[in-house]
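Asker: Next up is a structure, given as structure tokens.
The values are calculated or read from the model by the stated rules, or taken from the named source; none is laboratory data. Being a predicted model, the structure only gives us computed values, none of them experimental. Heads up, the Cβs are rebuilt from the backbone with ideal geometry, glycines too, and the neighbour counts pull from every protein chain shown.
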Amino acid sequence: MPAQPVWTPDAKAILYARYGPIEGEIVRHSLDGGVPDEVLVRLPGTWFCPWSISPDGRFLLFSRYVPETGADLLLLDLEAAPGAGAAKPLVATTGSDWGAAISPDGEWFAYTSNESGQYEILIEKFPERGQKTRVSSGEDTPVWSPDGRELYFTVQSMQVNAERDMMAARVELTPTLRVSEPRRLFSGAAVRGGDMGRTFGVTPDGRRFLLVRNPPGVLALSLYGSYTAQLVVVQNWFAELRRGQVESAP
């Protein structure tokens with residue numbers, strides 16, 4: 001099963017995961033099609049998901065689930081890949097650790113963990129770690145603003161049961177890390193991030209959000225909702241894209 005792709009900083013390739021009942025792998029796909037897909041690392045595990053690449057293109061943060069330790073965050077040295085030795089555990093608590101996002105300056109990373117007994121969004125230094133700073137409770141995947149001054153995530157709306165609130169926490173990174181109380185930006189029928197990766201993103205100029213939404217009238221709190229999944233095949237995709245005719249599935 002494939003999982004969420006992430007762009008390399010130079011936008012020339014994407015990294016994605018493939019996994020099955022025993023092991024999984026992180027794969028590099030070159031967008032120009034000049035080279036075949038390259039397996040960067042293959043490890044035991046039943047769930048893999050890439051989350052974030054450092055701004056210098058050196059490291060990838062990804063999650064892996066194994067029954068012995070649960071979901072952990074691993075650090076893949078892309079300069080040392082391919083090879084199993086290129087991946088090292090970064091956050092491996094007694095709980096589940098996932099949804100990592102490296103800050104635009106490459107100095108910090110945010111992630112979701114339930115080590116404390118409840119899901120929390122935390123910030124630590126990257127990659128050396130250190131003291132954890134709590135941003136908020138909640139089990140969604142955090143996303144940095146392009147300027148690194150805010151952290152975005154969604155929480156279940158207190159107003160409408162089928163909606164989620166987009167939250168923003170102001171982050172000061174210098175001279176010391178300080179995080180403000182999160183505030184609500186807007187609400188909508190957005191899907192919470194899950195096993196397949198993030199369900200929202202921010203445009204490079206920081207002016208717009210791109211979200212995965214629930215179908216009208218459907219109550220679904222995660223990527224795996226109560227509606228019937230569909231497999232949609234688009235033929236001649238690049239030709240359709242150039243004509244602007246690729247549309248979302250119903």
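Asker: Could you tell me whether Pro5 is under 16 Å from the mean Cα position of the chain (by Cα) and at pLDDT 95 or above?
Answerer: no
Asker: Given the criteria more than 27 Å from Lys88 (Cβ to Cβ), among the hydroxyl-bearing types (Ser, Thr, Tyr) and surrounded by 15 or more Cβ atoms within 10 Å (Cβ to Cβ), does Thr199 qualify?
Answerer: yes
Asker: So for the stretch 179-191 (the condition being at pLDDT below 95 and closer than 23 Å to Ser54 by Cβ), does at least one residue qualify?
Answerer: Within the stretch 179-191, not a single residue is at pLDDT below 95 and closer than 23 Å to Ser54 by Cβ.
Asker: In the stretch 126-148, which residues are surrounded by 15 or more Cβ atoms within 10 Å (Cβ to Cβ) and not polar (S, T, N, Q)?
Answerer: Phe126, Pro127, Lys132, Val135, Gly138, Glu139, Asp140, Pro142, Val143, Trp144, Gly148 - these are the residues of the stretch 126-148 that are surrounded by 15 or more Cβ atoms within 10 Å (Cβ to Cβ) and not polar (S, T, N, Q).
Asker: Give me the residue from the stretch 158-181 that is without any contact (Cβ under 8 Å) to a residue 24 or more places away in the chain and within 19 Å of the chain's Cα centre (by Cα) and, out of that set, surrounded by the most Cβ atoms within 10 Å (Cβ to Cβ).
Answerer: Asp165
Asker: Going by the structure shown, is Tyr152 surrounded by 15 or more Cβ atoms within 10 Å (Cβ to Cβ), at pLDDT 95 or above and within 27 Å of Arg64 (Cβ to Cβ)?
Answerer: Taking the combined requirement at face value, the residue satisfies it.
Asker: Given Leu210, Leu185, which one is in contact with a Ser or Thr (Cβ under 9 Å, 6 or more places away or on another chain) and of a type outside the set (Phe, Trp, Tyr)?
Answerer: Leu210
Asker: Quick one: Thr93 ticks every box in (1) assigned to a strand (DSSP E or B); (2) under 15 Å from Thr112 (Cβ atoms) except a single one, so which number is it?
Answerer: With respect to (1) assigned to a strand (DSSP E or B); (2) under 15 Å from Thr112 (Cβ atoms), Thr93 is out only on (1).
Asker: I'm trying to understand the selection: among the residues of the stretch 89-111, which are more than 13 Å from Leu61 (Cα to Cα) and free of Cβ contacts under 8 Å to residues at least 40 places away in the same chain?
Answerer: Thr93, Thr94, Gly95, Ser96
Asker: Please count how many residues of the stretch 10-32 are of a type in the set (Asp, Glu), surrounded by fewer than 17 Cβ atoms within 10 Å (Cβ to Cβ) and within 18 Å of Asp77 (Cα to Cα).
Answerer: Summing the residues that are of a type in the set (Asp, Glu), surrounded by fewer than 17 Cβ atoms within 10 Å (Cβ to Cβ) and within 18 Å of Asp77 (Cα to Cα) in the stretch 10-32 gives 1.
Asker: Taking the stated definitions as given, is Glu120 at negative phi, under 16 Å from the mean Cα position of the chain (by Cα), surrounded by 15 or more Cβ atoms within 10 Å (Cβ to Cβ) and touching a residue at least 40 places away in the same chain (Cβ under 8 Å)?
Answerer: Against the criterion (at negative phi, under 16 Å from the mean Cα position of the chain (by Cα), surrounded by 15 or more Cβ atoms within 10 Å (Cβ to Cβ) and touching a residue at least 40 places away in the same chain (Cβ under 8 Å)), Glu120 does not qualify.
Asker: Go through (1) touching a helix residue (DSSP H, G or I) at 6+ places or on another chain (Cβ under 6 Å); (2) at pLDDT below 95 for Asp32 and report which single condition fails.
Answerer: With (1) touching a helix residue (DSSP H, G or I) at 6+ places or on another chain (Cβ under 6 Å); (2) at pLDDT below 95 applied to Asp32, the lone miss is (1).
Asker: Filter the strands (runs of 3 or more DSSP E) completely within the stretch 1-43 down to those with at least 1 residues that are of a type in the set (Asp, Glu).
Answerer: Where strands (runs of 3 or more DSSP E) fall fully within the stretch 1-43 and carry at least 1 residues being of a type in the set (Asp, Glu), they are 23-30.
Asker: I'm told Pro50 meets every condition in (1) part of a strand (DSSP E or B); (2) surrounded by fewer than 20 Cβ atoms within 10 Å (Cβ to Cβ) except one. Can you identify the failing condition by its number?
Answerer: (2)
Asker: List the residue pairs whose Cβ atoms are under 7 Å apart, where the first residue sits in the stretch 21-34 and is free of Cβ contacts under 8 Å to residues at least 24 places away in the same chain, the second is assigned to a loop (DSSP other than H, G, I, E, B) and surrounded by 15 or more Cβ atoms within 10 Å (Cβ to Cβ), and the two are 6 or more positions apart or on different chains.
Answerer: Every condition considered, the pairs that remain are Glu23/Gly45.
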